[in-house]
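The values are calculated or read from the model by the stated rules, or taken from the named source; none is laboratory data. Everything quoted here is computed from the prediction, not taken from an experiment. All Cβ positions, glycine included, derive from the backbone under ideal geometry; neighbour counts span all protein chains shown.
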Amino acid sequence: MKRSDWDRLLRLDGRVAVVTGAAGHLGAGIAEGLAAAGARVALVDRPGMSMGSLVERLKSDGGFAECFEMDLQDSDSIRNGCARIVAEMGGVDILVNNAYAGRGGTLATATAQDFERAFRITVTAPFLLLQVLRPHLAEGARRHPGGAAVINIASMYGVVSPDLRIYDSALGSNPPFYGAAKAGLIQLTRYAACELASERIRVNVISPGPFPSPAVQTSDPAFVERLTSKVPLGRIGRPDEIAGIVVFLASDAASYLTGANIPVDGGWTAW
Ligand SMILES: NC(=O)c1ccc[n+]([C@@H]2O[C@H](COP(=O)([O-])OP(=O)(O)OC[C@H]3O[C@@H](n4cnc5c(N)ncnc54)[C@H](O)[C@@H]3O)[C@@H](O)[C@H]2O)c1
């Protein structure tokens, strides 16, 4: 491969990336990384979530982003939102399923509704987005040597259980419906990777470890300390450390990578 081809390998110029949950801690970092790599980014979040300052930040850095309101718990909202994205952005080459919302809990406190809501946003919404955007991703795949890319954001708790001893209360614990739904997303990734391979749509999943938000870092440093003690690398993660892997998976550098679950957890699941 020529030097100029290597230089282009991780660039995403001319591609459209959809990021759900873009107003959040990791979503904003993922959007920044994709925009810095040259992608035009469709920022998706719930109605009323403010993303104006993120758009300004991306644009002042030479990037391009547009906001799209969508309630991922609602299939009509997903269909209408996708139609707006395709019409305004001119297609879709990269889809990042990152959104999540839900309370804490244990088996003792969880309800059936907790499970249903967790599965709807974690498994059903990525499925619907993929179903609606599939023809556009397939079209995008024909334009790029490495094809189109779907990147799902699961969790290390889709693979291992949390250690309940690190939490102060049952309702403050990472809940079983979260991990069960994330495990579902990891398996949906494998099914999608195999079904969509012939269309050159690559589907991979990232399982982040501990990335507590700035609010949690400020309000509960003792909890952050307990998290840190479980990480071989000895610290919590930064959003740009997820963004870098997302850019890689979206790029032609990952052209032979599909169906993989990539832990980005400082070694948490390697002990
Ligand atoms: N932060 C961590 O430590 C961590 C660890 C492992 C996995 N993850 C996963 O990474 C992803 C991002 O996490 P985060 O920490 O940035 O969370 P966050 O709460 O900061 O962001 C989640 C975003 O999703 C949006 N969202 C929620 N419900 C929605 C809906 N119905 N429609 C549209 N948007 C909706 C929220 O408004 C929010 O902006 C999640 O999938 C989470 O499970 C996070």
Task: Residues within the range 249-271 that are of a type in the set (F, W, Y) and not in a helix (DSSP H, G or I), tallied - done: 2
Task: Whichever residue in the range 52-82 is assigned to a helix (DSSP H, G or I) and without any contact (Cβ under 8 Å) to a residue 12 or more places away in the chain and, among such residues, is farthest from the ligand (Cβ to nearest atom) - done: S60
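So if I check each of L164, L129, L107, which one is of a type outside the set (D, E, K, R) and within 30 Å of R40 (Cβ to Cβ)?
L129
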Open item on the list: Please go through the range 255-271 and give me each residue that is closer than 20 Å to R8 by Cα and touching a residue at least 40 places away in the same chain (Cβ under 8 Å), ordered by number.
Closed with: S255, L257
- [ ] Select from the range 29-62 the residues that are small (G, A, S) and touching a strand residue (DSSP E or B) at 6+ places or on another chain (Cβ under 7 Å) and list them in ascending order.
- [x] A31, A35, A39, A42
Open item on the list: Which pairs turn up if I take residues in the range 21-32 that are part of a helix (DSSP H, G or I) and look for partners that are within 8 Å of the ligand (Cβ to nearest atom) and polar (S, T, N, Q) with beta carbon separation below 6 Å, at least 6 apart in sequence or on another chain?
Closed with: H25/S213; G27/N98
Open item on the list: Checking L107 against (1) away from the ligand (no atom under 16 Å from the Cβ); (2) closer than 25 Å to R200 by Cβ: exactly one of these is not met. Which one?
Closed with: (2)
Open item on the list: Given the criteria assigned to a loop (DSSP other than H, G, I, E, B), away from the ligand (no atom under 13 Å from the Cβ), at pLDDT 95 or above and buried (at least 19 other Cβ atoms within 10 Å of the Cβ), does V41 qualify?
Closed with: no
Open item on the list: Among the listed residues A149, A138, identify the single one that is surrounded by fewer than 18 Cβ atoms within 10 Å (Cβ to Cβ) and in contact with a Leu (Cβ under 9 Å, 6 or more places away or on another chain).
Closed with: A138
- [ ] Within the range 203-214, identify whether any single residue is within 12 Å of the ligand (Cβ to nearest atom), over 15 Å from the mean Cα position of the chain (by Cα) and of a type outside the set (S, T, N, Q), and answer yes or no.
- [x] yes
Task: Residue count, the range 2-20 (criterion: touching a residue at least 60 places away in the same chain (Cβ under 8 Å), not charged (D, E, K, R) and not in a loop (DSSP other than H, G, I, E, B)) - done: 5
Task: Hits in the range 69-86 (condition: under 14 Å from V44 (Cα atoms) and surrounded by fewer than 20 Cβ atoms within 10 Å (Cβ to Cβ)) - done: E69, D71, Q73, D74, S77, R79, N80, A83, R84, V86
Task: Among the residues listed as M49, M89, the single one being surrounded by fewer than 19 Cβ atoms within 10 Å (Cβ to Cβ), of a type in the set (A, V, I, L, M) and either modelled with pLDDT of 95 or more or within 16 Å of the ligand (Cβ to nearest atom) (or both) - done: M49
Task: Answer residue from the range 147-166, given it is under 25 Å from the mean Cα position of the chain (by Cα) and not aliphatic (A, V, I, L, M) and is farthest from E199 (Cα to Cα) among those - done: D163
TODO: List every residue pair whose Cβ atoms lie under 8 Å apart, where the two residues are 6 or more positions apart in sequence or sit on different chains, the first residue falls within the range 228-254 and is more than 12 Å from the ligand (Cβ to nearest atom), and the second residue, located anywhere, is assigned to a helix (DSSP H, G or I) and among the hydroxyl-bearing types (S, T, Y).
DONE: G234/T228; R235/T228
Open item on the list: For G102, only one of the following conditions fails: (1) farther than 22 Å from F248 by Cα; (2) touching a residue at least 24 places away in the same chain (Cβ under 8 Å); (3) in a helix (DSSP H, G or I); (4) not charged (D, E, K, R). What is its number?
Closed with: (3)
